[in-house]
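Q: Below you will find the structure I want to go over with you.
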Amino acid sequence: MDASTGLPGRPESSLSPGRPEFTERMEAARALDAGALAALLSDPDPRTTARLAAAADETMRAEVGDAVRFRGLLEFSNVCRADCLYCGIRRSNGTVHRYTLSRDDVLAAARHCVEAGYGSLTLQAGERRDAAFIDYVCRLLESIKTETRGPALPDGLGITLSVGEQSPEVYRRFFEAGAHRYLLRIETSSPELYARIHPPAQRYADRRAALHAVRDAGFQVGTGVMIGLAGQTVWDLADDIRFFAIEGVDMIGMGPYLPHASTPMGSGQHMSDDERAQLLDRTLRMIALTRIVLRDVNIAATTALQTLDAFGRERALQGGANVVMPVVTPVAMRSGYQLYDGKACVDEDPTMCAGCITGRVAWTGRPVEANRWGDAPHFARRKQG
């Protein structure tokens, strides 16, 4: 056992020089064999990506169904106390025009989600811990639940909240106010890599403790990682998948690392077409393997995938992902919430996003689950266990 991560020690790779058959490697991956996971992530055979996608799709249909679950994504504030070295809205980025949406704007976006049949709303913002912000978020949650109840949604919109690290008491307040899912990305399960992409004041141990506090508050727990960080190995990514399994998380939001020019990590960075293709392939393999290993969780096809490749989200939906998050942030504010350069959908209003994403899902041949919260079966089974 690695005391710093809580993960079992890395076993030796079970792969012989001749490489076992694909099905054998899949079974080893399901058993959290780090060697098998790393080998499937790095296998140079391009057919491996398609095989993993097919296995992930089969697993998804058996465990969570074939319907795609929508979450309207509202980026309601870009004010942030954190200073992550990769993030475009980091505290030290003085080029960002800061905003916090009014209650009326938030409720208008929530009503749009109801009208569009999304069933759920994700409220995302930069991290703040001041009392005024905490109180504001609690009032928003209570208002959204009250004002979105109706025949289609008797209990109002389902709400996922993502506002960073908070105290256990604050998490409990958020849960009692009406949020029932919480997304707190670990970004990487490697303490060493985590330290390289954050300032010293932001500690891996604190992020792990916050994830545990989210669980203790009663939330469905969401986390995720970035794929393609400098210095990241396939062993790191294999450990990320094992981390998800060992922590027993209910939902995953992960995607490619895309640089922002106004950050320490992103300055001067440029990807070639070949590098973009390789990053897309590895991200799709991560999504597929996470589905294969975790089985009954929710996995998002993120906007970053569409930014990387015009059909990135569709390919994720064909390989294990079952959640998409059409943006409902007012168009005037979207340019202020760019965590990375070139973010897709910045100029589309919520109605355009709704039509676009519905068409993209239809292209994959999968149905949309309308007017449902779309909770992960994993959460119900975890609570029963």
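Q: Looking at (1) aliphatic (A, V, I, L, M); (2) surrounded by fewer than 18 Cβ atoms within 10 Å (Cβ to Cβ); (3) within 20 Å of the chain's Cα centre (by Cα), which is the only condition Val214 fails?
A: It fails just one condition, (2).
Q: A follow-up question, please. Out of everything in segment 231-290 that is of a type in the set (Gly, Ala, Ser), over 20 Å from Met60 (Cα atoms) and free of Cβ contacts under 8 Å to residues at least 60 places away in the same chain, what residue ends up being surrounded by the most Cβ atoms within 10 Å (Cβ to Cβ)?
A: My answer is Ala277.
Q: Tell me, which residue of segment 112-129 that is more than 18 Å from Arg207 (Cα to Cα) and out of contact with any Gly (no Cβ under 8 Å at 6 or more places or on another chain) is surrounded by the fewest Cβ atoms within 10 Å (Cβ to Cβ)?
A: The extreme case among them is Glu115.
Q: Of the numbered conditions (1) out of contact with any Lys or Arg (no Cβ under 6 Å at 6 or more places or on another chain); (2) surrounded by fewer than 18 Cβ atoms within 10 Å (Cβ to Cβ); (3) within 26 Å of Phe70 (Cβ to Cβ), Ala109 fails exactly one; give the number of that condition.
A: (2)
Q: Please go through segment 43-58 and pick out each residue that is hydrophobic (A, V, I, L, M, F, W, C) and either over 12 Å from Arg315 (Cβ atoms) or in contact with a His (Cβ under 7 Å, 6 or more places away or on another chain) (or both).
A: Hits for segment 43-58 are Ala54, Ala55.
Q: Working only within segment 293-322, note down all residues that are hydrophobic (A, V, I, L, M, F, W, C), modelled with pLDDT of 95 or more, within 19 Å of Asp281 (Cα to Cα) and out of contact with any Gly (no Cβ under 7 Å at 6 or more places or on another chain).
A: Answer for segment 293-322, where residues must be hydrophobic (A, V, I, L, M, F, W, C), modelled with pLDDT of 95 or more, within 19 Å of Asp281 (Cα to Cα) and out of contact with any Gly (no Cβ under 7 Å at 6 or more places or on another chain): Val293, Ala301, Ala316, Leu317, Ala321.
Q: If you go through segment 284-332 one residue at a time, how many are out of contact with any His (no Cβ under 9 Å at 6 or more places or on another chain), not hydroxyl-bearing (Ser, Thr, Tyr) and not in a loop (DSSP other than H, G, I, E, B)?
A: 27
Q: Among (1) among the acidic types (Asp, Glu); (2) in a helix (DSSP H, G or I); (3) over 27 Å from Ala67 (Cα atoms), there is one condition Glu115 misses while meeting the rest; what is its number?
A: It fails just one condition, (3).
The values are calculated or read from the model by the stated rules, or taken from the named source; none is laboratory data. Because the structure is a prediction, the values reported are computed rather than measured. So basically every Cβ, Gly included, is an ideal-geometry build from the backbone, and we count neighbours across all protein chains shown.
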